[in-house]
Amino acid sequence: MTKPLNIPFFRFDQMHGPIREDLLTAATRVVDSGFYILGPEVQTFENAFARYCGVQHAIGVANGLEALHLALKTLGIGPGDEVIVPSNTYIATVLAVSYTGATPVLVEPHMDTANIDPGGIEAMITPSTKAIIPVHLYGQSCEMHTIMDMANRHHLFVIEDNAQSQGASCKGKRTGSWGHVNGTSFYPGKNIGALGDGGAITTDDSDLAADIRKWRNYGSSVKYYNEIKGYNCRLDELQAAMLQVKLNKLDQWNDERRRLANRYDQALSGVGDIQTIRLAAECTSVYHLYPVRTSLRDKLQTVLSAKGIGTLIHYPVPPHLQAAYRGHGWKEGQFPIAEQHAKTLLSLPLFPGLTDSEQDYIVETIQSFFL
Ligand SMILES: *Cc1c(COP(=O)(O)O)cnc(C)c1O
């Protein structure tokens with residue numbers, strides 16, 4: 001056995017190190033500009049991110065949760081409406097629906113891809129259903145062609161939750177460009193993260209884009225004239241400047257994530273009862289996370305931790321079992337696949353800058369655990 005290393009679940013060093021001077025130059029530019037809210041930095045980043053996603057418009061907002069919330073607001077979704085979301089996702093997806101007063105309706109994921117099962121959506125559509133929010137979980141695109149066909153047949157809106165998947169694609173078309181209005185997050189640990197909070201909405205619809213620009217800025221397009229009861233949830237100039245620098249690196253970082261994921265896939269295949277996440281046909285992943293499934297999850301996590309390897313669980317409690325949703329009427333056992341994932345998934349370290357020898361050590365530790 002190689003000597004113990006200390007491998008954190010995630011670190012920024014090798015991502016931020018090489019661009020440190022560029023980040024500081026951009027920060028200095030903003031400091032010296034005397035202009036900090038909705039100025040040229042946000043506009044420049046919005047244009048660059050729209051181009052990256054392959055859409056006409058990107059609108060910078062305060063965070064990913066607000067991106068989803070405003071996407072729902074601009075589509076007119078509110079009390080009495082139902083919105084379909086996956087039963088295993090980060091809580092933000094479900095909260096965004098609750099914020100509007102609409103009802104989140106959960107649909108189970110595929111056991112193997114961990115993404116919403118398009119086959120399960122149709123049975124949950126009612127006359128009150130207004131929209132579907134597919135979440136590209138762990139970085140893998142959902143089967144968007146199938147979901148869009150179904151949504152069009154039932155006259156439903158689609159809002160992609162692109163928080164974990166900037167740069168992924170389905171049938172060669174980028175995530176964030178399929179749905180009518182899509183949200184993403186620039187939380188620091190996302191594949192492209194700000195140095196603080198941030199988010200964006202992407203859309204090809206010019207009218208909705210103009211409306212979202214009002215929603216994020218007090219319902220106003222002309223200062224001190226308020227057309228709707230909007231919010232204050234703008235992306236700020238400093239974060240937009242950081243994001244411009246980091247967007248230039250995103251493809252390179254995603255390639256590195258993909259390379260590391262392929263190494264894990266190869267090395268862990270057939271080890272114990274480990275199951276890796278499977279890619280759906282014509283879908284790619286940018287491996288925001290690298291979860292594996294095993295019935296010995298808790299024991300494995302303890303052993304890895306003792307050997308200096310950081311891991312996390314995404315997510316330990318599915319939305320329907322969260323205390324926040326206790327009054328909602330969801331019951332334990334109602335979404336068995338989401339519950340199974342919560343009990344068996346363990347995310348291994350995977351980030352640009354994880355070295356091959358660190359990864360080999362993680363793999364060897366897992367292999368000897370199952371011996
Ligand atoms: C991170 C995340 C969000 C929310 O983003 P914030 O910027 O933290 O508000 C929404 N959905 C998913 C799937 C996420 O992973």
Proximal lysines to Lys249, defined as alpha-carbon separation beneath 28 angstrom and excluding residues fewer than eight positions away on the same chain: Lys171, Lys173, Lys190
Calculated FRET value between Ser295 and Asp356, using beta carbons and R₀ = 25 Å, to 0.05: 0.30
Surface share of carbon and sulfur [accessible, 1.4 angstrom probe, percent] for the chain: 52 percent
Virtual spin-label span in nm between Lys343 and Gln14, 7 Å along Cα→Cβ: 3.6 nm
Sites Ser33 and Asp205 - FRET efficiency at Förster radius 30 Å, r taken between beta-carbons, to 0.05: 0.45
Thr103-Ala48 FRET efficiency (beta carbon distance; Förster radius 30 Å; 0.05 resolution): 0.25
Anchor Lys307: aspartates and glutamates whose Cα lies under 16 Å away (excluding residues fewer than 8 positions away in-chain): Asp298, Glu358, Asp360, Glu364
Largest to smallest principal axis extent of the C-alpha atoms in region 161-319, angstrom: 63, 35, 32
Surface per residue (accessible, 1.4 Å probe) for the chain, Å²: 42 Å²
Net +/- balance of residues flanking Ala267 in space, Cβ distance below 14 Å, scoring K and R +1, D and E -1: -3
Sparse-neighbourhood loop sites, trypsin sites (Lys or Arg not before Pro) in region 116-218 - DSSP loop, at most 13 other Cβ within 10 angstrom: Lys171
Between region 303-371 and region 166-219, the alpha-carbon center distance in angstrom: 27 Å
Net charge of neighbours whose Cβ lies under 12 Å from the Cβ of Glu122, counting Lys and Arg as +1 and Asp and Glu as -1: -1
Isotropic mean projected area of the C-alpha convex hull, region 264-371 (nm²): 8.5 nm²
Around Pro188: net Lys/Arg minus Asp/Glu count, Cβ-Cβ under 13 Å: +2
Ellipticity estimate at 222 nm from DSSP helix runs (n ≥ 4, -39,500 (n - 2.57)) divided over the chain, nearest 500: -11500 deg cm²/dmol
Relative contact order of region 53-117, pairs being alpha-carbon contacts under 8 Å that are 6 or more residues apart, as %: 31 percent
For region 257-371: relative contact order, % (alpha-carbon pairs under 8 angstrom, 6 or more apart): 36 percent
11 Å cut-off, amide nitrogen to a point 7 angstrom out along Gln56 Cα→Cβ, residues in region 203-238: 203-210
Kirkwood hydrodynamic radius of the chain, from inverse mean 1/r over distinct Cα pairs, in Å: 21.3 Å
For the chain: relative contact order, % (alpha-carbon pairs under 8 angstrom, 6 or more apart): 23 percent
Reach of Lys229 by Cα under 30 Å, taken over lysines that are not fewer than 8 positions away in the same chain: Lys73, Lys130, Lys214
Lys/Arg +1, Asp/Glu -1 at C-beta; the chain dipole; positive extreme among His320, Val181, Ala261: His320
Residue-wise HN-Hα coupling along region 170-176, computed from phi with Karplus coefficients 6.51, -1.76, 1.60 (Hz; x: Gly, Pro): 10, 6, x, 10, 4, 5, x
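The values are calculated or read from the model by the stated rules, or taken from the named source; none is laboratory data. Everything quoted here is computed from the prediction, not taken from an experiment. With ideal geometry, Cβ positions are generated from the backbone for all residues, glycine too; neighbour counts draw on all protein chains shown. Areas reflect the complete protein model, heavy atoms only, side chains present, ligands, DNA and RNA absent. Shrake-Rupley method; radii C 1.70, N 1.55, O 1.52, S 1.80 Å.
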